[in-house]
1. Which trypsin sites (Lys or Arg not before Pro) does segment 263-333 hold that lie in a coil by DSSP with at most 14 other beta carbons within 10 Å?
2. If you put +1 on each Lys and Arg Cβ and -1 on each Asp and Glu Cβ, how big is the dipole of segment 146-260 around its Cα centre, in Debye rounded to 20?
3. List the chymotrypsin sites (Phe, Trp or Tyr not before Pro) within segment 226-324 that DSSP assigns to loop and that have no more than 14 neighbouring Cβ atoms inside 10 Å.
4. What order do you get for 11-21, 364-374, 344-354 when each peptide is scored by the mean count of other beta carbon atoms within 10 Å, highest first?
5. Out of all DSSP beta bridges with both ends in the chain, state the antiparallel percent to the nearest 5.
6. What order do you get for Tyr553, Tyr625 when you list them from fewest to most C-beta neighbours inside 10 Å?
7. Run the helix sum for the chain: -39,500 (n - 2.57) per DSSP H stretch of 4+ residues, divided by residue count, reported at 222 nm to the nearest 500 deg cm²/dmol.
8. In terms of modelled amide H atoms, which long-range or inter-chain residues lie less than 5 Å from the amide H of Arg284?
Amino acid sequence: MVDIELHGDVATIALNNPPVNAMSHALRQGLVAALSELDANPDINAIGLYGIGPGLSAGADISEMDAPQKSPLPPDVTHAIETCGTPVAAILHGNVLGGGFEMGLAAHARVAHPKAKLGLPEVNIGLIPGAGGCIRSARLAGLDAAATLVTSGRPIDAARALELGLIDRIDEGDPAAMAVQAARDLADGTMPARISSDQPLAPDAAGGLDAARASIAARSPFLDAPKRAIDAVAAATLPRNEALAREQALFFECLKGPQSAALIHAFFAERSVWKIPEAKLAPRDIASIGVIGGGTMGSGIATAALLSGLPVTLVEQGADALDRAKATITRNLDGAVTRGKLSQERRDHLLGADLSISETLADLATVDLIIEAVFEDMGVKKQIFTQLDQIAKDGAILASNTSALNLDDIAAMTGRPQDVIGLHFFSPAHVMKLLEVVVGARTAPETTATGFALAKRLRKIPVRAGVCDGFIGNRILYHYLNAADDLLLRGASPAQVDAAMEGIGFALGPFAVNDLAGIDISVATRAGTATAAGLEQRMAERGWLGRKSGAGYYLYEGRKKQVNADLAPVLDAVRAEIGLPQRSFEPSELTDRILTAMICEAVRVLEDGIALKPSDIDAVFLFGYGFPRHLGGPMHLADVIGATEILQRIAAYAEDDPGFWHEPKSLRSMLEHGGRFADLNR
Ligand code: NAI
């Protein structure tokens with residue numbers, strides 16, 4: 001874990017915990033012991049600390065965060081560094097993050113490699129630096145700079161760190177040699193040894209931390225950690241021991257609060273989507289892509305593929321549609337150029353050499369993978385797959401971007417259902433991270449592995465889903481939209497429901513979602529529910545198709561939206577016809593009902609084997625549906641609320657509508673036998 005080397009009157013300590021020198025218990029223990037051993041050695045005048053492998057240390061071992069950490073804790077380690085009688089120089093190389101950077105900050109001098117990335121990303125998992133990072137960075141760089149560092153969680157480079165006063169100098173070279181040199185410089189006084197937490201605090205920038213607090217309130221009003229991080233930075237004005245104690249207290253508040261558990265869960269959910277039965281299989285080579293349909297989705301998918309370096313052949317019906325598709329792709333790529341993500345030269349190459357457009361499917365004969373993104377119409381899709389079976393080369397993957405249609409029926413149109421898969425992108429497809437990989441009854445394992453390999457290439461977060469109406473995401477979405485419709489028919493207004501959901505952190509409330517997807521689409525895909533049959537039908541007749549027509553549940557003018565006041569009488573007429581008792585709802589009842597509906601359907605999706613594990617459902621909602629990350633996803637939330645409470649809610653709501661509210665079997669069994677959904681993720 002920790003290697004000591006003696007070099008005359010100086011020594012080095014190398015952290016050796018591959019792959020990233022995570023600060024596991026064993027590493028912490030080894031480091032504290034090494035410091036005390038070298039401090040006791042009268043021949044050693046200074047110590048250089050560095051990491052074996054790619055960097056000093058990427059921080060805490062998050063897998064140890066489930067259980068209470070064992071002593072020595074990270075603050076004990078930074079304390080041991082800071083109070084070591086023999087001065088310590090830290091070499092900051094590679095990724096030096098979180099607890100890794102806190103160790104560096106506690107050292108008596110810091111030398112960074114020019115390519116080092118230094119940061120305190122704890123807020124991303126709902127925590128704050130708790131081993132002195134807030135206090136020491138504030139003492140070295142000032143309150144403002146420290147606040148930015150800890151609330152953004154974004155790493156900075158060595159040059160910026162030098163500018164801020166966080167490090168003493170930048171040196172090139174091998175970390176082991178840098179460590180010896182830095183220790184020698186400390187020993188002979190060439191580089192001064194300083195106690196970071198005793199440095200005089202730089203005079204306040206105008207307004208102190210007010211600007212940082214205001215910016216956090218605006219950017220992430222729902223998150224506790226950034227607010228506490230600023231409180232911890234503010235504590236740097238206190239005497240050292242009080243300051244460090246205050247930071248630790250705030251760290252433990254975060255650790256014990258619900259948000260860090262949810263955010264840590266989200267962190268692992270994102271990574272465990274790759275755990276699928278097909279993970280070890282070799283994918284087929286994909287060197288070129290065909291896209292059929294260049295509308296909203298086809299253009300976005302083509303853009304994503306081009307950006308990943310895959311040449312694309314796009315097939316549309318007619319020259320006008322092809323022009324529109326090319327214009328959309330061009331706009332998407334120009335956006336990437338404006339944001340500095342793509343060079344002009346590369347953009348020209350992608351649109352020139354890498355993009356071909358065509359009106360005939362036969363031009364897809366040589367591509368390795370074809371994604372169909374035509375209208376959501378089974379007849380049209382079946383026809384296309386029948387033709388593709390004749391045209392596509394042997395071994396080509398045939399994918400559909402259908403949002404909800406039965407993939408097995410589509411695959412049955414071909415003589416090669418083993419090569420057919422669903423690749424369900426989300427709009428805008430070149431931006432949204434989620435990709436549902438829909439595995440049909442006859443999809444070959446190798447085809448699934450290829451879907452995941454493509455996702456990796458496109459930098460998507462793939463979630464393996466089975467075939468059912470709406471797969472994982474839309475099946476659950478439709479169900480909770482129906483719950484929202486029901487609230488409307490009982491007296492809540494669309495704006496009230498949306499405000500309640502947005503008030504707990506949802507990107508969009510359910511009616512704003514319907515406006516975005518299109519009221520006509522909602523009528524077509526959710527036909528049969530009370531609102532689709534009544535209200536939305538009438539909205540569509542009036543041309544209120546949602547955002548695309550400028551009116552729906554809301555009126556849209558540019559980026560501004562306001563309530564569509566003309567909707568109220570239409571809604572009243574529907575309510576009168578249906579005749580449900582009318583009442584008012586507290587925001588908490590609105591959110592409880594919608595979240596409970598979401599959880600119920602999510603549990604059934606799991607029971608039906610449509611999702612492999614609960615965290616996959618959470619990943620779908622976090623990365624495709626704007627579910628608030630600090631709530632962790634519907635399945636994590638189910639564990640937080642608990643089976644007892646959820647079943648009580650279902651029983652209460654069922655008094656209104658027993659057809660809609662019924663108990664998922666596994667919740668009852670959890671109540672009787674214990675357990676949590678989280679147990680099924682392992
Ligand atoms: P769209 O209406 O914007 O585009 C469909 C395009 O397909 C049109 O440009 C049309 O000209 C073209 N097309 C129709 N028949 C064709 C044929 N035989 N050959 C070549 N091109 C043909 O529709 P959108 O929204 O792009 O949806 C496409 C598919 O993606 C649907 O299956 C939809 O359910 C699915 N989807 C849509 C999402 C969305 O947010 N819009 C999200 C995820 C999936």
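1. Values: sites: Arg271, Lys275, Lys280, Arg284, Arg324, Lys326, Arg331; in loops: Lys275, Lys280, Arg284.
For trypsin sites (Lys or Arg not before Pro) across segment 263-333 that sit outside H, G, I, E and B with at most 14 neighbouring Cβ atoms in 10 Å, the list reads Lys275, Lys280.
2. Numbers: 12 positive and 16 negative charges, 101 e Å.
Here segment 146-260 has a charge dipole of around 480 debye.
3. For chymotrypsin sites (Phe, Trp or Tyr not before Pro) across segment 226-324 that sit outside H, G, I, E and B with at most 14 neighbouring Cβ atoms in 10 Å, the list reads Trp274.
4. The densest-packed peptide leads the list: 364-374, 11-21, 344-354.
5. Working: 19 of 64 bridges.
Beta bridges within the chain, antiparallel portion: roughly 30 percent.
6. Listing Tyr553, Tyr625 from fewest to most nearby Cβ atoms yields Tyr625, Tyr553.
7. On the way: 29 runs with 319 residues, N = 682.
Estimated from H runs of four or more residues: -14000 deg cm²/dmol.
8. The list, which skips near neighbours in sequence, is Thr450.
FYI, it's all coordinate maths here, none of it is from the lab. Bear in mind the structure is a predicted one, so any value in this text is a computation, not a measurement. So basically every Cβ, Gly included, is an ideal-geometry build from the backbone, and we count neighbours across all protein chains shown.
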